[in-house]
Ligand code: SF4
């Protein structure tokens with residue numbers, strides 16, 4: 001299968017060309033600085049009681065998909081049978097039990113739960129029920145503010161959606177990405193457009209408090225005309241929120257591997273300036289339809305009803321225990337990741353051991369930088385928040401970086417806070433590296 005259809009082999013690709021590598025900044029310090037030799041720091045963090053007033057959340061990684069998308073860099077497995085999935089879910093249940101006994105829980109109940117993947121909706125209703133029953137037994141859901149569940153449209157039936165609502169899912173997130181069957185096919189997506197309409201109308205009829213849809217600007221084969229049609233159809237669905245990602249081509253994707261085979265320096269997708277223009281077009285159209293842009297990626301129909309608890313608490317330093325192979329966690333000030341090898345993950349859980357793989361305990365300054373850059377993705381930050389929490393005022397700590405970005409038209413700042421301009425918000429992930437500590441700049445991210 002060849003997915004690389006355009007691109008070039010010149011030594012100097014155009015500056016805005018999409019090249020191989022990460023764009024999206026999801027955490028800090030970069031994952032490449034998390035080390036196996038620091039795992040004892042994570043063990044110790046879990047054995048301490050929680051810091052006062054720190055919310056707790058759970059993330060559950062379901063690493064199964066019907067097909068592997070050509071742009072996917074997640075830990076996913078295709079073609080797993082029911083027995084293999086049950087073995088995995090048994091390991092997750094073991095891991096849950098191990099966590100339930102850790103002092104860090106300190107009597108807290110989770111405020112948010114996120115089922116991500118992979119494709120959580122790949123699970124059968126029976127598998128899902130078995131997992132959720134055990135979760136509720138060990139971590140009661142009566143303090144829950146939000147349960148997000150990621151879905152691939154082709155895996156949804158009315159019966160499965162009813163079960164999802166029954167178990168307490170409040171935020172259903174549908175990975176639509178595009179409405180054009182040819183674009184979906186060329187990018188390796190498993191679903192087709194008629195499955196989108198069917199899944200969406202089932203989901204609406206079941207009555208989830210919030211339905212989010214994901215779109216990607218600049219998939220392989222995308223054209224301006226098709227993107228406009230994708231946006232039009234997305235607005236027609238009237239989701240509670242829309243999340244728009246700009247297509248990136250991280251290492252270890254099928255596209256990047258093909259690029260290397262063919263000696264291509266430029267990925268076969270639109271350049272960044274075009275993807276930004278397409279994203280701005282989408283936000284403008286959604287705004288005209290009454291939506292409010294609430295982050296670099298999100299527009300919501302009713303901001304009072306469509307908050308995103310997982311994102312907001314995680315970006316403000318919540319504890320989050322990540323269950324499943326290769327999952328990421330934050331506990332009592334330490335970041336860590338689970339075993340990324342599937343068999344090792346299962347073996348360690350089944351032998352009664354938390355499957356921790358690599359860890360990093362950020363310094364207070366690094367924790368400040370982490371929250372500052374993550375919250376900048378919301379479009380604005382308040383300096384007082386960081387003064388109260390870290391005794392650091394961003395305006396005083398980053399005068400040169402903020403001054404340069406202001407001069408370039410990407411933000412405004414003063415003693416009260418920092419506000420990105422629309423142009424800054426559209427490319428915020430590219431700008432955040434300027435706030436990294438020197439040792440983390442120009443380093444591989446993941
Ligand atoms: S559905 Fe999502 S997790 Fe699965 S292969 Fe595609 S991008 Fe990756």
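The values are calculated or read from the model by the stated rules, or taken from the named source; none is laboratory data. Note that the structure is a prediction, hence the values are computed from the model and not measured. For neighbour counting, all protein chains shown are included, and Cβ atoms are generated from backbone atoms with ideal geometry for every residue, glycine included.
Just a few scattered comments:
- Subset tally (residues that are assigned to a helix (DSSP H, G or I) and buried (at least 18 other Cβ atoms within 10 Å of the Cβ)) for the range 265-311: 12
- The residue list 366, 423 contains one member that is at pLDDT 95 or above, assigned to a helix (DSSP H, G or I), within 24 Å of the chain's Cα centre (by Cα) and closer than 30 Å to residue 40 by Cα, which is 366.
- Just so you know, in the range 312-325 the residues that are in contact with a strand residue (DSSP E or B) (Cβ under 8 Å, 6 or more places away or on another chain) and surrounded by fewer than 20 Cβ atoms within 10 Å (Cβ to Cβ) include one that is nearest to residue 89 (Cα to Cα), and it is 318.
- Options 126, 165, 66: the member that is without any contact (Cβ under 8 Å) to a residue 24 or more places away in the chain and farther than 17 Å from residue 329 by Cα: 126
- For the range 385-400, the set of residues classified as in contact with a strand residue (DSSP E or B) (Cβ under 9 Å, 6 or more places away or on another chain) and in contact (Cβ under 8 Å) with a residue 12 or more places away in the chain consists of 394, 395, 398, listed by residue number.
- Within the range 394-420, the residues that satisfy the criterion of being surrounded by 15 or more Cβ atoms within 10 Å (Cβ to Cβ) and assigned to a loop (DSSP other than H, G, I, E, B) are 398, 410.
- Enumeration of residues in the range 214-227 that are out of contact with any helix residue (DSSP H, G or I) (no Cβ under 7 Å at 6 or more places or on another chain) and part of a helix (DSSP H, G or I): 224, 225
- Here residue 290 fulfils each of the conditions (1) assigned by TED's automatic domain parsing to the domain that holds residue 214; (2) touching a residue at least 24 places away in the same chain (Cβ under 8 Å); (3) on the phi > 0 side of the Ramachandran plot apart from (2).
- Restricting 211, 255 to those that are assigned to a strand (DSSP E or B), within 22 Å of the chain's Cα centre (by Cα) and over 30 Å from residue 53 (Cβ atoms) reduces the list to 211.
- Filter pass, residue 207 being at positive phi, surrounded by fewer than 16 Cβ atoms within 10 Å (Cβ to Cβ) and without any contact (Cβ under 8 Å) to a residue 12 or more places away in the chain: no
Yes/no matrix, rows are residues, columns are (1) farther than 16 Å from residue 238 by Cβ; (2) within 15 Å of the ligand (Cβ to nearest atom):
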{"position": "183", "(1), (2)": "yes, yes"}
{"position": "186", "(1), (2)": "yes, yes"}
{"position": "194", "(1), (2)": "yes, no"}
{"position": "197", "(1), (2)": "no, no"}
{"position": "200", "(1), (2)": "no, no"}
{"position": "206", "(1), (2)": "no, no"}
{"position": "210", "(1), (2)": "no, no"}
{"position": "215", "(1), (2)": "no, yes"}
{"position": "221", "(1), (2)": "yes, no"}
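- Odd one out for residue 244 among (1) surrounded by 21 or more Cβ atoms within 10 Å (Cβ to Cβ); (2) assigned to a helix (DSSP H, G or I); (3) under 21 Å from the mean Cα position of the chain (by Cα): (2)
- Residue match in the range 173-184 (condition: closer than 17 Å to residue 58 by Cα and either part of a helix (DSSP H, G or I) or in contact (Cβ under 8 Å) with a residue 40 or more places away in the chain (or both)): yes
- Summed over the range 334-356, the residues that are in a loop (DSSP other than H, G, I, E, B) and in contact with a strand residue (DSSP E or B) (Cβ under 9 Å, 6 or more places away or on another chain) give a count of 5.
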